[in-house]
């Protein structure tokens, strides 16, 4: 199979481009080819625990430069949907700090405290 007839690619990252902290074989030549042929691509993941910047930094550790606008996480997709659907909303995020930051990055702040615990005596 060749990439000659491909107009663009959407590639999963976790387990496809790398496993853990190890890039999979052929990663650098693949990106060299995409850039040389000017094939547009997007990098996707259903992992919302990290921010786009953290994914870009991981790619950089593998010697790859990926513009942030080419990286989409499930958190980014959710944040964009919520912002479009409910502009100005505040969200209570039950998740990792990366997801909280992703929501804030698109203008959906998460309150630091949703409720106060009271001592009952």
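The values are calculated or read from the model by the stated rules, or taken from the named source; none is laboratory data. Because the structure is predicted, anything quoted here is derived from the model rather than measured. Using ideal geometry, Cβ is built from the backbone for each residue, glycine included, and neighbour counts are taken over all protein chains shown.
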Taking segment 69-96 and the residues there that are without any contact (Cβ under 8 Å) to a residue 24 or more places away in the chain and assigned to a helix (DSSP H, G or I), the one that is surrounded by the most Cβ atoms within 10 Å (Cβ to Cβ) would be 77
Is one or more of the residues making up segment 100-107 touching a residue at least 24 places away in the same chain (Cβ under 8 Å), surrounded by 11 or more Cβ atoms within 10 Å (Cβ to Cβ), in contact with a strand residue (DSSP E or B) (Cβ under 7 Å, 6 or more places away or on another chain) and not in a helix (DSSP H, G or I)? no
For residue 43, state whether it is part of a helix (DSSP H, G or I), surrounded by 15 or more Cβ atoms within 10 Å (Cβ to Cβ) and within 16 Å of the chain's Cα centre (by Cα). no
Set 66, 60: member being closer than 28 Å to residue 7 by Cβ and either surrounded by 12 or more Cβ atoms within 10 Å (Cβ to Cβ) or touching a helix residue (DSSP H, G or I) at 6+ places or on another chain (Cβ under 6 Å) (or both): 66
Quick one: residue 55 ticks every box in (1) modelled with pLDDT of 95 or more; (2) loosely packed, with under 12 Cβ neighbours inside 10 Å bar one, so which box is it? (2)
Taking first residues from segment 53-64 that are on the phi > 0 side of the Ramachandran plot and second residues anywhere that are surrounded by fewer than 18 Cβ atoms within 10 Å (Cβ to Cβ) and assigned to a helix (DSSP H, G or I), the pairs with Cβ under 7 Å that are 6 or more apart or on different chains are 63/28
Output for segment 1-40, where each listed residue is closer than 22 Å to residue 76 by Cβ and assigned to a strand (DSSP E or B): 9, 10, 11, 12, 14, 18
